[in-house]
Amino acid sequence: MNRDQFTPKKEDRFTFGLWTVGNRGRDPFGDAVRPPISPVSIVKKLSELGAYGVNLHDNDLVPFDATNAEREKIVREFKTALKDYDMQVPMATVNLFFHPIFKDGGFTSNDPRVRAFTLQKTMRAIDLGVDLGAKIFVLWGGREGIEVDASKCALEALKHYREGINYLTEYVKDQKYDMKFALEAKPNEPRGDIYLPTTGHMLGFIATLDHPEIVGVNPEVAHEQMSGLNFYHGIAQAIDAKKLFHIDLNDQKPGRYDQDLRFGSESLKPMFFLVKLLEESGYQGSRHFDAHAYRTEDEEGVWNFALGCMRTYNILKYKAKQFAADKEIQDLLQELATERGKDQYKLDKYDRNTVGKLKEAQFDIDALSKQGAKYEQLDQLVNELILGVRTRVASKDENLVAAASR
Ligand code: GCO
Ligand code: MN
Ligand code: MN
């Protein structure tokens, strides 16, 4: 592997799900195209590529029907591999979608026995996560939805969903586990409609829980893009609410099924603003990739895919530094942000002493309406920066050279 400034390093905190690089290329129309790769081999190979860790569903590691003895042996060997290759498991999750018992939902099933089994399986997956050192537990309710609205009262389903999560937060507190939950939204697929379809819905729901302080979100790029939403804005709202506990990075062609494509393979500009936001907002969590290689690929393609996700992230991180050091862009932003008249009006907070002044103020409506925004110029500069033709211009700036080489 040729090393350069974009080569992934442990401190970049890149993680992959066992199920991502382990994806065998099955789709609704075709069978697997790649042989399985064992969890231990995944740990070894990802570590060599510079990843920080792996995340897993309970059944990515321990088969659904494993005996206790089998489970212990598998976990022991896996822990040895983690140690040998200096890899962490920052996040764990539970598979509540593959087995037929979940065909009509887990937490939101109409059948209390299925809801009870869902809690049992999730608590065991939490125990496994804690055993492996995970501090974040993701809940993605892929089967929590409907095709037929007559089959479930949506209010009842939400009530059951809330009861399930409340039960689990009590469990974690009771066990004194250092574990937080991150809820992952998706609008549809595999269900015709999935409850709590976007990160915004999740944030609203979290506020209704018994222990909202230990529940946040795990937004996924592809899922918000399936809903036609601006992922960067959703992440900003999650950060603003102090709820961005984890993130699923990938990419998506617009308006289609969930493609889980290599990070940055489709939407370079939106992903540039996303990486800039994550890096500049002080987000401390994993840079986790929930994506998989194209079905056309063999195992070599899988590792090229994984390296590509991480390199693109690091390149966009470098581009964010370039943006911050690009004199023309910064001068233009400065000009746009002069906030003329800012000191004349107190806008950040209602104040009964100054409200009268604001109500009487005279505005030059005509001049304000006529001013141009310069966004054409600004956005073209951003395009040229992302396309890589501003390096020569920008590198005249000493700051950039310093910033980029850090
Ligand atoms: C999807 C989902 C899943 C979940 C994962 C965690 O692609 O529809 O993202 O991959 O993230 O199962 O539970
Ligand atoms: Mn995901
Ligand atoms: Mn997905």
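Read-outs throughout are calculated quantities, based only on the coordinates presented, and are distinct from any laboratory measurement. None of these values were measured; they are calculated from a predicted model. Heads up, the Cβs are rebuilt from the backbone with ideal geometry, glycines too, and the neighbour counts pull from every protein chain shown.
Please figure out what share of the DSSP beta bridges in the chain is antiparallel and state it in percent, rounded to the nearest 5. It would help to have the intermediate numbers written out before the result.
Details: 4 of 28 bridges.
If I count the DSSP bridges inside the chain, around 15 percent turn out antiparallel.
Can you run phi through the Karplus equation (6.51, -1.76, 1.60; θ = phi - 60°) for the range 13-25 and list ³J(HN,Hα) in whole Hz, with x for Gly and Pro?
Using θ = phi - 60°, the values come out as 6, 8, 10, 10, x, 4, 6, 8, 5, x, 4, 9, x Hz.
Can you give me the relative contact order of the chain as a percent, contacts being Cα pairs under 8 Å and 6 or more apart?
Working: 615 pairs, mean separation 57.1, N = 406.
Taking the mean separation of contacting Cα pairs over the length of the chain, I get 14 percent.
Under the rule of at least 5 residues apart or a separate chain, name every residue whose amide H is placed under 5 Å from the amide H of E220.
Distant-sequence amide H within range of E220: A185, D248.
Sort 221-229, 234-242 by packing, meaning the average of other beta carbons within 10 Å per residue, with the highest value first.
Numbers: 221-229: 21.6, 234-242: 16.9.
My ranking of the peptides, most packed first, is 221-229, 234-242.
From a point 7 Å beyond the Cα of K173 in the direction of its Cβ, which residues of the range 191-222 have a backbone N at a distance under 15 Å?
207-216
For a quick check: with amide H placed at 1.01 Å from N, whose amide H comes under 5 Å from Q88's, ignoring anything fewer than 5 positions away on the same chain?
Hits under the 5 Å cutoff: G53, V54.
Are any of the pairs K152/K180; K121/K176; K79/K317; K10/K276; K176/K243 more than 23 Å apart by Cα-Cα distance, and if so, which? Spell out each step's value before the answer.
Details: K152/K180 29 Å; K121/K176 19 Å; K79/K317 32 Å; K10/K276 20 Å; K176/K243 21 Å.
With Cα atoms farther than 23 Å apart: K152/K180; K79/K317.
Work out from phi, with θ = phi - 60° and the Karplus expression 6.51 cos²θ - 1.76 cosθ + 1.60, the ³J(HN,Hα) of each residue of the range 28-45, listed in order in whole Hz, and give x for Gly and Pro.
x, 10, x, 7, 4, 10, 10, x, x, 10, 5, x, 5, 5, 4, 4, 4, 5
How much length would be gained if the chain were fully extended between D379 and A236, taking 0.36 nm per residue of separation minus their Cα-Cα distance, in nm to one decimal? Each step should come with its number before you reach the end.
Values: separation 143, 0.36 × 143 = 51.48 nm, distance 1.99 nm.
Answer, rounded to one decimal: 49.5 nm.
Please work out whether the range 241-376 counts as rounded, prolate or oblate from its C-alpha gyration tensor, where a ≥ b ≥ c are the square roots of the eigenvalues and a/c under 1.5 means rounded, while otherwise a/b larger than b/c means prolate and anything else oblate?
prolate
Looking at the square roots a ≥ b ≥ c of the eigenvalues of the Cα gyration tensor of the range 89-163, which shape do they give, rounded for a/c under 1.5, prolate if a/b is larger than b/c, or oblate?
prolate
Report P(r) for the chain: all Cα-Cα distances, bin width 20 Å, range 0 to the bin holding the largest distance, values in whole percent.
Spelled out bin by bin, the chain gives 24, 52, 22, 3 percent.
If amide H atoms are built 1.01 Å from N in the plane of the peptide, which residues on other chains or at least 5 residues away come under 5 Å of the amide H of H57?
For H57, the qualifying residues are L18, W19, T93.
Given the Cα-Cα distance of K159 and L368 and 0.36 nm per residue of separation, how much length would full extension add, in nm?
70.3 nm
Just order 117-124, 152-159 by mean Cβ neighbour count inside 10 Å, highest at the front, would you?
Details: 117-124: 17.9, 152-159: 13.9.
By packing density, highest mean first, the sequence is 117-124, 152-159.
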